[in-house]
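Enquirer: To start, I am sharing the structure in question, which I have written as structure tokens.
The values are calculated or read from the model by the stated rules, or taken from the named source; none is laboratory data. Nothing here was measured: the structure is a model prediction, and the numbers come from that model. Please note: Cβ atoms are built from the backbone with ideal geometry, for glycine as well, and neighbour counts cover all protein chains shown. Remember, those area values only see protein heavy atoms, side chains included, never the ligands or the DNA or RNA. Shrake-Rupley method; radii C 1.70, N 1.55, O 1.52, S 1.80 Å.
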Amino acid sequence: MRVARLYRLDDVRVEDAPVPEIGPGEALVRTRACGICTGDIMAWYIERKAPLVFGHEPAGEVVAVGEGVEALSPGDRVFVHHHAPCGECSKCRRGLYVHCPTWRSTALRPGGMAEYFAVPADNLARDTLRLPDGVDFEAASLVEPTACVVKSLRRGAVAAGETVAVIGLGVMGQLHVVLARHAGARVVAFDRVPFRLERALRLGAEAAIDVDANDPAASLSERTGGDMADVVIVGPGSIEAMELGIRLAGSGGRVVLFTTSQPDETLAVSPFRLYFDEVSLVPSYSCGPDDTREALELIAAGIVRPQDVVTHRFPLERVAEAVAQAQRPDEALKTIVVFD
Ligand SMILES: [Zn+2]
Ligand SMILES: [Zn+2]
């Protein structure tokens, strides 16, 4: 079979690899679509794992199941999460799935950007979802990113009537706009790319502010009568964006850090300000099986729509172009690789 192996962001090759073998409790899936994640194009993050068959947002069709698998059979159309928890440890019992040792150790073999991948027993048992009829493979490739946003808004405790500021309007920012609106919040969006600002308005943001042409904090203050945001979603993993996020939060506000910084960076905060304004910093890392189920429901219900966020599609043989395209913020939101 063919796989896409990433050596560096500017060196992604289509190579031959054996179709993975499956064991008891596992399944073999023929990939039909796989999204390129923001994490896949963060050079410092992905290149330290290279070379690898990247891609963790696949959807496809079950072609074989191992001994003992009864819940799924060949022909089933599925979303498969690349990480799955054990469901039994102390972290899982508290719903902290991403901190389960099993969650971190599970992975699809060899990865999502391959014509076929093997689903380990843990992933198959606890985070492989059969697709409802109306959900196609392209839409299903949005389950994982949507689930990360579901979790982020839950961590931020977004409630109807609150003001949510979204910093960074790539695909994840746009999904935050859609789902914060769906939760009944007012959304003020921030970016510097005109195409992204326009898209956020179309998806329901009441204002989209160009951070190069305006003072973001002054603009938000004006729109909220000085109250600022109840929840701030900080999309980019930059210290600058995190600092802006803290500035945009009003009293009692929650600042959701949706993306990591690099390992050695530090963020200077004023405990005095955080204390008296009771501003919380809330990291939100990835998502768990409760989030993927909710995400699939949102997609099936037409709340999250591929046509709103998928801007580019490439076949596997053009995966290098797909990776390059995904890095062009001026024109790309979600880039996906489609398989035939
Ligand atoms: Zn992802
Ligand atoms: Zn666990």
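Enquirer: Among residues belonging to segment 88-110 that are touching a helix residue (DSSP H, G or I) at 6+ places or on another chain (Cβ under 8 Å), assigned to a loop (DSSP other than H, G, I, E, B) and in contact (Cβ under 8 Å) with a residue 40 or more places away in the chain, point out the one that is farthest from ligand 2 (Cβ to nearest atom).
Expert: LEU108
Enquirer: Looking only at segment 190-208, which residues are among the aliphatic types (A, V, I, L, M) and either in contact with an Asp or Glu (Cβ under 9 Å, 6 or more places away or on another chain) or outside the structural domain of THR224 (by TED's automatic domain parsing) (or both)?
Expert: In the first step, residues of segment 190-208 are kept if they are among the aliphatic types (A, V, I, L, M); the result is 193, 197, 200-201, 203, 205, 207-208.
Those that are among the aliphatic types (A, V, I, L, M) and either in contact with an Asp or Glu (Cβ under 9 Å, 6 or more places away or on another chain) or outside the structural domain of THR224 (by TED's automatic domain parsing) (or both): VAL193, LEU197, ALA200, LEU203, ALA208.
Enquirer: Something else now. Within segment 1-31, work out how many residues are open to solvent by 20 Å² or more (accessible area, probe 1.4 Å) and within 15 Å of HIS82 (Cβ to Cβ).
Expert: Going through segment 1-31 one residue at a time, the tally reaches 2.
Enquirer: Residues being within 15 Å of ligand 1 (Cβ to nearest atom) and open to solvent by less than 60 Å² (accessible area, probe 1.4 Å): count how many of those fall in segment 32-52.
Expert: Here is the first cut: in segment 32-52, the residues within 15 Å of ligand 1 (Cβ to nearest atom) are 33-42, 45-46, 49, 52.
With the extra rule that they be open to solvent by less than 60 Å² (accessible area, probe 1.4 Å), the set shrinks to 33-37, 39-42, 46, 52.
The total comes to 11.
Enquirer: Within segment 321-337, how many residues turn out to be open to solvent by less than 50 Å² (accessible area, probe 1.4 Å) and either among the aliphatic types (A, V, I, L, M) or in contact (Cβ under 8 Å) with a residue 24 or more places away in the chain (or both)? It would help to see each step written out before you state the result.
Expert: To start, the set of residues in segment 321-337 that are open to solvent by less than 50 Å² (accessible area, probe 1.4 Å) comprises 322-326, 332-337.
Applying the additional criterion that residues be either among the aliphatic types (A, V, I, L, M) or in contact (Cβ under 8 Å) with a residue 24 or more places away in the chain (or both) yields 322-324, 326, 332-337.
Within segment 321-337, residues that are open to solvent by less than 50 Å² (accessible area, probe 1.4 Å) and either among the aliphatic types (A, V, I, L, M) or in contact (Cβ under 8 Å) with a residue 24 or more places away in the chain (or both) number 10.
Enquirer: Of all residues in segment 75-120, which are aromatic (Phe, Trp, Tyr) and more than 16 Å from ligand 1 (Cβ to nearest atom)?
Expert: Narrowing segment 75-120 to residues aromatic (Phe, Trp, Tyr): 79, 97, 103, 116-117.
If the condition is that a residue be aromatic (Phe, Trp, Tyr) and more than 16 Å from ligand 1 (Cβ to nearest atom), then TYR116 is the only one that fits.
Enquirer: Within segment 55-93, which residues are over 20 Å from TYR116 (Cα atoms) and surrounded by fewer than 17 Cβ atoms within 10 Å (Cβ to Cβ)?
Expert: Our first condition is that a residue be over 20 Å from TYR116 (Cα atoms); within segment 55-93, this holds for 68, 70, 85-93.
GLY68, GLU70, GLY87, GLU88, CYS89, SER90, ARG93 - these are the residues of segment 55-93 that are over 20 Å from TYR116 (Cα atoms) and surrounded by fewer than 17 Cβ atoms within 10 Å (Cβ to Cβ).
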